[in-house]
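Read the structure below first, then the notes.
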Amino acid sequence: MSSGHNRDILADAASRAARYLDTLDDRSVQPAPEAVNRLKDALGETMPELPSEPEDVIALLDDIGSPATIASAGGRYFGFVTGSALPATVAANWLATAWDQNSFSSVSSPAIAPFEEASLRWIKEALALPTTAEGTFVTGATMANFTCLAAARHQVLKKAGWDVESQGLFGAPEINVVVGQEVHATVFKVLSLLGLGRDRVTVVPADDQGRMRSDALPALEGPTIVCIQAGNVNSGAFDPADAIIDHAHKAGAWVHVDGAFGLWARASTTFAALADDLERADSWATDAHKWLNVPYDNGIAIVREPDSLRQAMSISGAYLLASEQRDPIDYSPDSSRRARAVDVWAALKSLGRQGLAALIDRNCHQAQWLAEHLRKSGIDVLNDVVLNQVIVHFGNEKRTQRVVDTIQNSGVCWCGGTTWQNQPAMRISVSSWATTDDDIERSFEAIKAAHEEIAP
């Protein structure tokens with residue numbers, strides 16, 4: 001393929017992507033069923049015997065794929081705590097993809113290794129976490145929790161005289177894991193992957209906002225890991241870090257923070273106090289593809305003691321020679337890995353401290369405005385709106401589901417169903433740089449109209 005042909009293909013893809021983004025505001029947030037069915041039918045063919053021209057592949061991809069997508073890159077998608085990708089991060093992602101670097105070491109990619117160091121340093125500065133902590137970029141908060149809790153498992157067993165990396169868990173001292181009643185489901189998944197078990201945890205009751213009750217913490221003995229939550233996935237509430245960390249550290253326990261989106265409150269000028277004292281924990285997991293608004297997939301794991309992370313994650317092999325440089329493979333569960341650090345660097349460079357703080361603050365104020373106006377319209381708001389999450393209730397389960405379906409089918413905005421305090425509800429998560437005040441007002445009118453349309 002000639003360089004000119006290659007350039008034409010990339011230019012065509014960029015043009016199609018730009019057109020897609022430019023038309024988001026005018027399209028339905030939820031795709032039409034016909035578009036999804038057309039995509040499925042087109043993908044039902046058997047694998048072709050003969051090659052296709054790249055430009056034809058891109059044209060078909062745009063033709064059948066673009067209309068079938070959820071408009072989550074726009075400003076009126078409020079599902080699953082999803083951030084839209086900032087323009088600089090989309091372009092950086094394309095460029096890094098063209099570089100096609102395997103970013104596992106400074107030898108495999110002398111360029112990406114320093115990007116990773118710089119990005120992690122900026123993340124720690126933005127979130128006011130210990131500058132000496134070590135970290136890594138992974139697929140998302142699930143793998144970030146996995147990475148942090150693997151480091152925790154290493155350290156608490158090391159203190160008990162056990163080398164888990166060499167000896168495994170057979171015959172190891174038992175590890176006590178303490179979580180809150182509202183712990184995210186992915187933490188249980190991670191505990192099962194680490195051999196610590198879903199059902200062997202101690203569950204601490206939560207209050208009416210989903211915060212772990214520090215007054216109900218058990219006595220802690222032996223190797224122990226305590227998992228706290230920064231930003232309840234429904235209510236946005238924060239576990240009381242100060243009291244929990246005091247209790248845990250007095251017993252020599254490791255404290256891990258699951259802060260997939262809520263940890264970003266520490267970058268805010270208005271809402272940072274919600275996340276006070278979290279810097280005293282031992283590890284932190286968060287997502288960049290949520291509130292930092294970079295492309296999928298991008299999670300971040302940070303561990304206070306670098307050696308705990310390195311011992312849990314390091315690898316050796318005949319061709320993996322030791323380096324004097326920091327090699328990402330020594331801190332990550334991945335070996336071959338894409339250049340996620342470039343996306344993060346581009347986001348932080350384009351936003352700066354002030355832009356990042358403004359993004360967090362704006363989304364939180366938009367959530368509060370929306371909650372206030374929903375209440376005034378007679379819609380039940382079930383949580384104290386302290387961050388960017390709003391939970392609303394439309395009566396019984398059947399009516400709530402019908403209202404959610406009506407909102408989604410209207411195409412004006414997209415909000416998802418959930419269960420909160422054993423009640424069916426709808427969750428609104430305001431997490432996108434692209435969300436304007438006009439988007440919030442249009443979405444409010446759509447929610448209000450659906451509420452009025454469906455009979456009690």
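The values are calculated or read from the model by the stated rules, or taken from the named source; none is laboratory data. Since the model is a prediction, treat every value here as computed from it, not as a measurement. Cβ placement follows ideal geometry from the backbone for every residue including glycine, while neighbour counts extend to all protein chains displayed.
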V294 vs. criteria assigned by TED's automatic domain parsing to the domain that holds R211, under 27 Å from A88 (Cα atoms), surrounded by 24 or more Cβ atoms within 10 Å (Cβ to Cβ) and β-branched (V, I, T) | yes
Would you please name the residue that is surrounded by the most Cβ atoms within 10 Å (Cβ to Cβ), looking only at residues in the range 67-106 that are farther than 29 Å from A367 by Cα, touching a helix residue (DSSP H, G or I) at 6+ places or on another chain (Cβ under 6 Å) and small (G, A, S)?
-> S103
Are any residues in the range 232-249 touching a residue at least 12 places away in the same chain (Cβ under 8 Å) and farther than 24 Å from A288 by Cα, and if so, which ones?
-> D242, A243, I244, I245, H247, A248, H249
Kindly indicate whether any position in the range 140-163 is in contact with a Lys or Arg (Cβ under 9 Å, 6 or more places away or on another chain), surrounded by 14 or more Cβ atoms within 10 Å (Cβ to Cβ) and among the basic types (K, R).
-> no
Check whether at least one residue in the range 324-337 is of a type in the set (A, V, I, L, M), in the same structural domain as E117 (by TED's automatic domain parsing) and assigned to a helix (DSSP H, G or I), and report yes or no.
-> yes
Of these, A434, A450, A455, A367, which one is in contact with a helix residue (DSSP H, G or I) (Cβ under 6 Å, 6 or more places away or on another chain), small (G, A, S) and either outside the structural domain of P33 (by TED's automatic domain parsing) or surrounded by fewer than 20 Cβ atoms within 10 Å (Cβ to Cβ) (or both)?
-> A450
Can you tell me which of L263, L292, L274 is within 19 Å of R304 (Cα to Cα), aliphatic (A, V, I, L, M) and not in a strand (DSSP E or B)?
-> L263
The range 333-353 residues that are farther than 19 Å from S106 by Cβ, paired with ones that are small (G, A, S) and surrounded by fewer than 23 Cβ atoms within 10 Å (Cβ to Cβ) (beta carbon under 7 Å, 6 or more apart) = A346/A88; A347/A88; L348/A126; S350/A88; R353/A126
Go through F170, F146 for me and flag whichever is assigned to a helix (DSSP H, G or I) and either without any contact (Cβ under 8 Å) to a residue 24 or more places away in the chain or assigned by TED's automatic domain parsing to the domain that holds D282 (or both).
-> F146
Evaluate the range 127-142: report whether one residue or more is within 25 Å of M212 (Cβ to Cβ), charged (D, E, K, R), touching a residue at least 40 places away in the same chain (Cβ under 8 Å) and touching a Ser or Thr at 6+ places or on another chain (Cβ under 9 Å).
-> no
For the range 112-126, the count of residues that are over 23 Å from the mean Cα position of the chain (by Cα) and in contact (Cβ under 8 Å) with a residue 24 or more places away in the chain equals 0
Is it the case that some residue within the range 41-58 is under 24 Å from A91 (Cβ atoms), at pLDDT 95 or above and touching a Lys or Arg at 6+ places or on another chain (Cβ under 9 Å)?
-> yes
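Here's the yes/no breakdown for (1) within 20 Å of A449 (Cα to Cα); (2) in contact (Cβ under 8 Å) with a residue 24 or more places away in the chain:
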| position | (1), (2) |
| --- | --- |
| W369 | yes, yes |
| K376 | yes, no |
| H393 | yes, yes |
| Q401 | yes, no |
| S410 | yes, yes |
| Q423 | no, yes |
| R427 | yes, yes |
| A434 | no, yes |
Count, please, the residues in the range 98-131 that happen to be more than 15 Å from A339 (Cβ to Cβ) and of a type outside the set (A, V, I, L, M).
-> 6
Considering G222, G210, which residue is within 29 Å of F271 (Cα to Cα), part of a loop (DSSP other than H, G, I, E, B), in the same structural domain as P333 (by TED's automatic domain parsing) and at pLDDT 95 or above?
-> G210
Near pairs, Cβ below 9 angstrom, 6+ apart or cross-chain, from the range 42-59 (within 16 Å of L10 (Cα to Cα)) to any residue that is in a loop (DSSP other than H, G, I, E, B) = P54/M1
Filter result for the condition that a residue is of a type outside the set (D, E) and within 30 Å of A358 (Cβ to Cβ), over A219, A251, A243, A265 | A265
